Amino acid sequence: MARTKQTVRKLAPAMKPKNNNKENNDNKENNVKKEKNNHYNDQTLIPYNFAKAPISTIQYSSVLNIVVFSVGDILYSFNLSSLNEIAQNESLNSVSFTHDSSAIITTASKVKTFTIWKKPQNINDKWIQSLQVSTKLKILSSVLPKDNKTIILTDKTGDVLSYKLDGPDNQDGTELLGHFSAITDTQFSPCYNYLLTSDRDEKIRVSNYPNTFDINNFCLGHTLFVSKFIFNPSKPEIIVSGSGDGTVKVWNWKSGEVLQSLDLKQAGQAVDEVITLPLAIVNNTLYLSIEGKSSLYCYKFNGETNNLEQLPTVDLPAQPLSYCVVVGSRLLVPTITSEESTPLLLAFDTATNSLDQAFVEKINTHSFAPVNNLQSFKFLMKIQYKKYLTLNKREKADSKDDGEDDEEQEDEPEVQEEVKEDEDSKDEKAIKLRKMTVEGAKEQTK
Amino acid sequence: MSESSTTTTTTNSVSNTNSNNNNKRANSANTTEKKKKPIKPYHRIKAHANPQSDSNFDYPVSPSCYDWSKHYNKTLSEQPEKRVTIADVGCGYGGLLVGLASTFPDRLALGLEIRDKVVQYVEDRIEKLRKDNEEKNQYQNISVLKTNAMKYLPNLFYKGQLEKIFFLFPDPHFKKANHKRRIISPALLAEYAYVIKVGGLAYFISDVEELYLWMHEHFKGHPLFEEVKLEPTDDPCIPLILNATEEGRKVNRIDGKKWYGVFRRIEAPTSNNTSQ
């Protein structure tokens, strides 16, 4: 059953945030240089073009009954009837409510900070910034443990660290755990006693919390990167994970056992062509999307056997992004805004199994402040997953000019070259190499 | 320059096979070609490999999917339930494995190595040893696997499967930027703790003091490991890690210093979930 690792890995570190930082549209010379380094500037590899800024992060608080989302650098709240600007921060990439909804915490990957915003008296006013902490991390995502004293940040390079919420404003963080490859998703179990992390190396790791040094188990079964995983709210022992291998797997995450594996590839499709993205489980129904497709796939958990049974697929007016929120019976899914007319947000009513765009009309008709540099939205690519496949193809093509200032990714082509050598040249090479060793050196001096 | 008894046996066995081989070659010129003794220089490559690069590795989706019979065909045909309980991470040219084969004849030991050519050499070496000791049925309990131990240990071993794990003369990765590639780090120790059973031992040794201190500090700082002070006479593995490996002997030749440490995997503290 052993498989050869496809060369589909090699990853994200190649994304050079340095370039993003300097992004400066009018300097053409710079841009040309950048294009050489920045994988995202290669149009052929970017599966998404944004005609307008998409919703880059979204959260819902059932306590306050508001949806908070960001467009551009501005954070908005939607109290289901009106839309308000509540905060502004550069390059927001995640937002979360504290458990009592008394504050929100935003993270900014580019500037490596997280910010705490306190709830104002009137919920429609601007939220009050109480603390901004600079970390040394290129933050990928954040989760909050139950204690309301710390925040757990996932770094792009595969580390998970915890930071104190009560300052100081410059912290080093405590390392909780690390993967030897990039982490794609981090989440707490519903009981908050376990921290689950999935990575590009096909694993989902279940660590005890707060004793994260103690690994409970691994969920092994995917054959390409794990894209993300979601919990079944009505069955806390179950997670559903998506992957680049085209399957969706249902796990008992505590035992690491695969309960069911659904293959969404059509006949004849290669493994790396279908990336499954589970979005949410509402009322024992799994909603998932496939990257690049404007459809919502629905599966019902059979009450007895826990097996998934397919329901009719729903066509969507746009491609969904990989994250969404559940508001009551509705699923709010941000979209890839490839055209000016694309709605920012889709509302899908799971009760009627149909789109309910009237619910989010206020958002879709609101004229948001224009975002000048859509290029900066390429950071959304970090949330979508095609990069894990496309980057690799790119790397093969220009492996020569790779590695100038690339700390993570130096290749070791020498080893492979040597393997290819013919038999004849072997002898010569061997003697040469021998001189470089201790005994070889001795022989030579004799 | 004190060579331990085990080391001498190893060297003996190697030289024995040498002479055997010569005799056989002289005797049977037209019979099927005998396997030649693998020559190390042919397999010598640079000492460093980048564990972060994605080479092609054969690895199972999960431990239950791996067919170990290609490694321990003979042993497993007799005892199919037997599992690998000793792992040598970064086994290099296999000196320790050969020593382990006779020290722990009833255990299965596996060497993990990332460098392709070195793996080929060790494969050849073990094959040769098995052939030469066929009647004594020796060396059936050791094998080597080309893999990246930093990534795929959980794919190979079940939780708590290993009794002993060795990190002998690992790549020091002196540059600070490369410290993440060191074989011992807090993140990786969690994975090692996962594959080692409670009570199992982890051995490490280095001729680089800085690296030894690094490894010692990290093992010491990990809540699932406690230090065990062992003298060479206390444990048959200590003379082996000191003198059985090629690196160890190289250090002997230049009269270099070696530092080693042994840590025991202990029970996890009862999860005091303060969050509950």
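The values are calculated or read from the model by the stated rules, or taken from the named source; none is laboratory data. Because the structure is a prediction, the values reported are computed rather than measured. Cβ: placed from backbone, ideal geometry, glycine included. Neighbour counts: every protein chain shown. For accessibility, only protein heavy atoms count, side chains too; no ligands or nucleic acids. Shrake-Rupley method; radii C 1.70, N 1.55, O 1.52, S 1.80 Å.
Using the Cβ-Cβ distance between B:Lys176 and A:Glu273 with R0 set to 35 Å, the FRET efficiency from 1/(1 + (r/R0)^6) comes to roughly 0.30.
Between A:Lys149 and B:Leu213, what FRET efficiency comes out of the Förster formula 1/(1 + (r/R0)^6) with R0 = 45 Å and r the beta carbon distance, rounded to 0.05? Walk me through the intermediate numbers first.
Values: r = 34 Å, r/R0 = 0.75.
With R0 = 45 Å, the Cβ-Cβ based efficiency is 0.85.
Using 0.36 nm per residue and subtracting the Cα-Cα separation, the extra length available between A:Leu311 and A:Ser341 on full extension is 7.9 nm.
Using only side-chain charges placed at the Cβ, +1 for Lys and Arg and -1 for Asp and Glu, the dipole size of the stretch B:42-265 relative to its Cα centre rounds to 440 debye. With a Förster radius of 51 Å applied to the C-beta separation of A:Glu257 and A:Lys118, the computed FRET efficiency comes to 0.75.
Rolling a 1.4 Å probe over the protein chains gives A:Lys254 an accessible area of about 110 Å². Counting only heavy atoms of the protein chains and using a 1.4 Å probe, B:Ser64 has close to 90 Å² of accessible surface. Each residue, A:Gln171 and A:Asn284, gets one label point 7 Å from its Cα in the Cβ direction; the gap between the two is 4.1 nm.
Ordered by solvent-accessible area of protein heavy atoms (1.4 Å probe), largest first, the residues A:Thr305, A:Thr350, A:Thr337 come out as A:Thr305, A:Thr350, A:Thr337. Protein heavy-atom surface of the stretch B:42-265, 1.4 angstrom probe: 49% of the accessible area is carbon and sulfur, with nucleic acids and ligands not counted. Model label sites at B:Ile254 and B:Lys82, defined 7 Å from Cα along the beta-carbon direction, differ in position by 3.9 nm. The apolar share of the surface of the stretch A:190-327, taken as the fraction of accessible area on carbon and sulfur atoms (1.4 Å probe, ligands and nucleic acids excluded), comes to 46 percent. Surface listing: A:Cys324, A:Cys191 arranged by accessible area from highest to lowest gives A:Cys191, A:Cys324, probe 1.4 Å.
Whole number in Å², please: accessible area per residue of the stretch B:42-265, 1.4 Å probe, ligands, DNA and RNA not counted. If you can, show how the numbers build up before the last one.
Working: 8360 Å² over 224 residues.
Spelled out: the 1.4 Å probe surface of the stretch B:42-265, per residue, equals 37 Å².
Any idea of the total accessible area buried by the B-A contact, 1.4 Å probe, rounded to 100 Å²?
Working: alone 14560 and 21360 Å², together 31070 Å².
When B and A are taken together, about 4800 Å² of accessible area is lost.
Largest accessible area first, the residues A:Trp127, B:Trp68 order themselves as B:Trp68, A:Trp127 under a 1.4 Å probe with ligands, DNA and RNA left out. The magnitude of the dipole of the stretch B:120-194, with charges of +1 and -1 set on the Cβ of Lys/Arg and Asp/Glu and taken from the Cα centre, is near 520 debye. Where a ≥ b ≥ c are the square roots of the eigenvalues of the C-alpha gyration tensor, would you call the stretch B:42-265 rounded, which needs a/c under 1.5, or, failing that, prolate if a/b is larger than b/c, or oblate? In terms of gyration-tensor shape, rounded. Bridge orientation summary for the stretch B:42-265: considering DSSP beta bridges with both residues in this region, about 35 percent are antiparallel. Each part reduced to its alpha carbon centroid, the stretch A:96-131 and the stretch A:204-268 end up 31 Å apart. Look at the alpha carbon pairs under 8 Å that are at least 6 residues apart: their mean separation over the length of the stretch B:42-265 gives a relative contact order of 21 percent.
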